[in-house]
Amino acid sequence: MASQLRLRSALALVTGAGSGIGRAVSARLAREGATVAACDVDGTAAQETVRLLDGSRSEEGAPGGNHAAFQADVSEARATRRLLEKVQASFSRPPSVVVSCAGITRDEFLLHMSEDDWDQVIDVNLKGIFLVTQAAAQALVSSGCHGSIINISSIVGKVGNIGQINYAASKAGVIGLTQTAARELGRHGIRCNSVLPGFIATPMTEKMPQKVKDKVIGMIPMGHWGNPEDVADVVAFLASEDSGYITGASVEVTGGLFM
Ligand SMILES: CCCCCCCCCCCCC[C@@H](O)CC(=O)SCCNC(=O)CCNC(=O)[C@H](O)C(C)(C)COP(=O)(O)OP(=O)(O)OC[C@H]1O[C@@H](n2cnc3c(N)ncnc32)[C@H](O)[C@@H]1OP(=O)(O)O
Ligand SMILES: NC(=O)c1ccc[n+]([C@@H]2O[C@H](COP(=O)([O-])OP(=O)(O)OC[C@H]3O[C@@H](n4cnc5c(N)ncnc54)[C@H](O)[C@@H]3O)[C@@H](O)[C@H]2O)c1
């Protein structure tokens, strides 16, 4: 799909930008003219994303580069506050597009799951999105800027999944968090939406047992896994004014899995 320069004036903060969906989102937003602040707990991976953005040919006439990498653990409140401070100091404005992709899995059956496996997943996948959403919204509201916040949940947050009681709870929480943020921030011109990907080929799904991967492929009506770019397409739409009257939505990008 030919990209458009819908995001020419936007500053986009992407967390989890060092891999998979976050890297694809960063590339797509840059292709549409956004300046990207690529954040990851793996700072080297974030820097690699920016190198790829700077190396890629942006659309004719798109503002050139100026992308930047930031290292931060979004599950840490002080680190997340410092991240937003650094982004605003670097670009003299708050990010008007905020995409939370940072996420982890610690899969185990309920009967055997440790408290630590529960805590780690909730801290990154749910508390991390709370911290980023809060810090970004505070910056936007205090500067009187409008914005679009896009939180990456999962289809597992809608239907659950064997071996993922922590992950499913975190992703279901992201949906409720985003709907509440949408209700509170609409009056400030800030839209908040969730994206629920299905089975997307990234390092996260690579780790799944092969027998489970074999099972799920037969359950997808479109008959194949998705790519990170399939998710990035929807994120770019939600980031742009083409979705200007959409907030509080949960958009499934699943090939029909668990529709
Ligand atoms: C009828 C088939 C239904 C298949 C549905 C699968 C849905 C998956 C959708 C994923 C969408 C993407 C989600 C996205 O947000 C990104 C991710 O979260 S990627 C990670 C997704 N994680 C999982 O799906 C969990 C996979 N399972 C495991 O990692 C392990 O099984 C684990 C829970 C760690 C336990 O390992 P252990 O070695 O103790 O057991 P086994 O792996 O041998 O499994 C024992 C039997 O349980 C079956 N099993 C395990 N997980 C699932 C599952 N998610 N759905 C269905 N069945 C599962 C496994 O096949 C074994 O069955 P059997 O004894 O018959 O061989
Ligand atoms: N791949 C899928 O099938 C799928 C499906 C549904 C939802 N998701 C969600 O999409 C998002 C991206 O997943 P992915 O498949 O690209 O995974 P990935 O593992 O390729 O990328 C996740 C990125 O998040 C970063 N990260 C992890 N913890 C962090 C933290 N505390 N602070 C900052 N960065 C952190 C990692 O370093 C990594 O670069 C996740 O939230 C995941 O739950 C993925």
Subject >> Whole-percent pair-distance distribution, where bins are 5 Å wide, for the alpha carbons of region 118-170 >> reply: 4, 20, 22, 18, 13, 11, 8, 3, 1
**OP:** Determine ³J(HN,Hα), in whole Hz, for all residues of region 33-41 in sequence, where each value follows from phi through the Karplus function 6.51 cos²θ - 1.76 cosθ + 1.60 and θ = phi - 60°; x replaces Gly and Pro.
**Re:** x, 6, 8, 10, 9, 8, 10, 7, 5
**OP:** Taking the chain as the reference, fit the longest principal axis to its C-alpha atoms, fit the long axis of helix 20-31 to the helix C-alpha atoms, and give the angle between the two in degrees, 0 to 90, nearest 10.
**Re:** 30
Subject >> Residue-wise HN-Hα coupling along region 81-89, computed from phi with Karplus coefficients 6.51, -1.76, 1.60 (Hz; x: Gly, Pro) >> reply: 4, 5, 4, 5, 4, 5, 4, 5, 5
**OP:** At 10 °C and 1.306 mPa s, grab the translational diffusion coefficient of region 154-203 from Stokes-Einstein with a Kirkwood Rh over Cα pairs, rounded to a whole number in µm² per second.
**Re:** 134
Subject >> Nearest-0.05 FRET efficiency for residue 210 and residue 183, computed from C-beta distance (R0 45 Å) >> reply: 0.60
**OP:** Would you pull out the residues with amide H under 5 Å of residue 102's amide H, same chain only if 5 or more places away, H placed 1.01 Å from N?
**Re:** 15, 16
Original post:
Distance in nm between label sites at residue 52 and residue 116, each 7 Å beyond Cα in the beta-carbon direction?
Top reply: 3.1
Original post:
Using Cα atoms only, what is the angle between the long axis of helix 165-185 and the major principal axis of the chain, expressed in degrees (0 to 90) to the nearest 10?
Top reply: 30
**OP:** Provide the per-residue ³J(HN,Hα) series for region 100-111, in order, calculated from phi with Karplus coefficients 6.51, -1.76, 1.60 and θ = phi - 60°, each as a whole number of Hz, with x at glycine and proline positions.
**Re:** 8, 9, 3, x, 9, 10, 9, 6, 5, 5, 3, 5
Original post:
Taking amide hydrogens as modeled 1.01 Å from N in the peptide plane, which residues meet the under 5 Å criterion relative to residue 253, leaving out close sequence neighbours?
Top reply: 196, 198
Original post:
Anyone know which of 162, 21, 246 comes out most mobile in the 10 Å Cα GNM of the chain?
Top reply: 162
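For region 180-234, what D do you get in µm² per second when you plug the Kirkwood radius from alpha-carbon pairs into Stokes-Einstein at 20 °C and 1.002 mPa s? Walk me through the numbers before you get to the answer.
Values: Rh = 13.6 Å.
D, rounded to a whole number, is 158 µm²/s.
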**OP:** Would you work out what percent of the accessible area of region 11-253, with all protein chains in place, is carbon or sulfur (probe 1.4 Å)?
**Re:** 52
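Using the 2.2 N^0.38 Å rule of thumb for compact globular proteins, work out how region 22-147 stacks up: its C-alpha Rg over that value, please.
Numbers: Rg = 16.1 Å, N = 126, 2.2 N^0.38 = 13.8 Å.
Compared with the compact-globule rule of thumb, region 22-147 sits at 1.16.
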Subject >> Alpha-carbon Rg with Dmax, taken over the chain, Å >> reply: 17.3, 56
**OP:** Residues in region 121-151, backbone N under 19 Å from the label point at residue 108 (7 Å along the Cα-to-beta-carbon vector): list them, ranges by number please.
**Re:** 121-126
Subject >> Estimated inter-spin distance, residue 66 and residue 142, nm [label 7 Å along Cα→Cβ] >> reply: 2.3
**OP:** For helix 228-239, report the angle its Cα long axis makes with the longest principal axis of the Cα atoms of the chain; keep it between 0 and 90° and round to the nearest 10°.
**Re:** 50
Subject >> Largest-first principal axis extents, alpha carbons of region 138-234, Å >> reply: 51, 27, 23
**OP:** Could you calculate the contour length gain from residue 88 to residue 42, that is, 0.36 nm times the residue separation minus the distance between their Cα atoms, to one decimal place in nm?
**Re:** 14.5 nm
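Can you give me the accessible area per residue for the chain, using a 1.4 Å probe, in Å²? Walk me through the numbers on the way to the answer.
Working: 12150 Å² over 259 residues.
Per-residue value: 47 Å².
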**OP:** List every residue whose amide H lies under 5 Å from the amide H of residue 191, counting only residues 5 or more places away in sequence or on a different chain, with H placed 1.01 Å from N in the peptide plane.
**Re:** 147, 148, 149
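The values are calculated or read from the model by the stated rules, or taken from the named source; none is laboratory data. Because the structure is predicted, anything quoted here is derived from the model rather than measured. Note: ideal-geometry Cβ built from the backbone for every residue, glycine included; neighbour counts use all protein chains shown. Just so you know, the surface numbers come from the protein's heavy atoms only, side chains and all, with ligands and any DNA or RNA stripped out. Shrake-Rupley method; radii C 1.70, N 1.55, O 1.52, S 1.80 Å.
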